[in-house]
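These notes are about the structure you will find just below.
The values are calculated or read from the model by the stated rules, or taken from the named source; none is laboratory data. Remember, predicted model here, so these are calculated numbers, not experimental data. Cβ placement follows ideal geometry from the backbone for every residue including glycine, while neighbour counts extend to all protein chains displayed.
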Amino acid sequence: MAMIEVESLSKAYGATLAIDGLSFVIEPGELVGFLGKNGAGKTTTMRILTGALGASQGTAKIGGLDVEQHPRQVKAMVGYLPEVPPLYVDMTVRAYLRYAARLKGVDNPKPAVETVIQRVGLAEVAHRLIGHLSKGFKQRVGIAQAIVHSPKVLILDEPLSGLDPAQRREIRDVVAELARGETTVLLSTHVLPEIEAICDRVIVLDQGRVVAQERIADLAARGGRVGLVLGRPQSAALDVLRNIDGVVELVDQGQGKLDLTLSHDVRAEIARVAVAFDLLELRSLDNLEDAFLRLTSTPDSERP
């Protein structure tokens, strides 16, 4: 059974569609990046999944339960960190987390809070006022309140926003550790290298619609640039590769290294031909950023 299931989900604000017919599935234990430009509909979707906002059409399910029909049960399964963490800056970290645990219905808050303090790396600041913490520690507190009730699903909206590189790595490591357990994570961020570092799969929104949902490596490979390394880089190899339907350009970098530009995905044909010349490597030359920009660079004249 899918842990998150969205089908034909739409949300309208008057005549404006914030999201338009979204459908996607996230399996238990997946760590999925949720990408899109500002205004693409990511936060709206996340708020619907957490039960904080109603949908106009379609369905959203968490653990097989409809979010709208079973709000209490769903909220017990979900941990949510919004873009602006819901922190009380005049409380200490420990007091705030105990308060959050009670709100979330944790039967025995004290041990649950001590466990999450250790898990998220807050032991050294647990006695301090939240308002006196660095941005990185505040984000840790935000994550801690989201997982203090041991949710099956964790939804993080821009948890890396405003952090320096060291703080981003700290938070990334915390999220990756959570995902190595049984937690299903949906993570939204504009810091694409962090998505590449910890996510296997992404869902990309543009103008309120899903424009891609696949593994990062496969998404990048659709960009049209691949690199080859041949053990026997004969001139015949270059001629055969150039004649493959779909190869637009071939650049010989020397020492058996070739860069190819493709009109469409013909990697399987390239590999079949290159094996005869001792294919050592076939890789995409595009990354997630290239793929993201390609998918979300809709000309203004084509926007709805």
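Conditions tested, residue by residue: (1) touching a helix residue (DSSP H, G or I) at 6+ places or on another chain (Cβ under 9 Å); (2) over 17 Å from residue 186 (Cα atoms); (3) not assigned by TED's automatic domain parsing to the domain that holds residue 23.
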{"site": "56", "(1), (2), (3)": "no, yes, no"}
{"site": "67", "(1), (2), (3)": "yes, no, no"}
{"site": "73", "(1), (2), (3)": "no, yes, no"}
{"site": "80", "(1), (2), (3)": "yes, no, no"}
{"site": "85", "(1), (2), (3)": "yes, no, no"}
{"site": "90", "(1), (2), (3)": "yes, yes, no"}
{"site": "99", "(1), (2), (3)": "yes, yes, no"}
{"site": "102", "(1), (2), (3)": "yes, yes, no"}
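Before we move on, is residue 141 part of a helix (DSSP H, G or I), of a type in the set (A, V, I, L, M, F, W, C) and crowded, with 20+ Cβ neighbours inside 10 Å? It is true that residue 141 is part of a helix (DSSP H, G or I), of a type in the set (A, V, I, L, M, F, W, C) and crowded, with 20+ Cβ neighbours inside 10 Å. Residue 202 - would you say it is aliphatic (A, V, I, L, M), in contact with a helix residue (DSSP H, G or I) (Cβ under 8 Å, 6 or more places away or on another chain) and at pLDDT 85 or above? So residue 202 passes the test. Annotation note: of 97, 17, 53, the sole residue that is in a loop (DSSP other than H, G, I, E, B) and either of a type in the set (A, V, I, L, M) or in contact with a Cys (Cβ under 6 Å, 6 or more places away or on another chain) (or both) is 53.
Here residue 259 meets the list (1) in contact with a Gly (Cβ under 8 Å, 6 or more places away or on another chain); (2) charged (D, E, K, R); (3) under 30 Å from residue 178 (Cβ atoms) almost entirely, failing just condition (3). From the list 153, 148, 175, 120, the lone residue that is touching a residue at least 40 places away in the same chain (Cβ under 8 Å), more than 20 Å from residue 49 (Cα to Cα) and buried (at least 18 other Cβ atoms within 10 Å of the Cβ) is 120.
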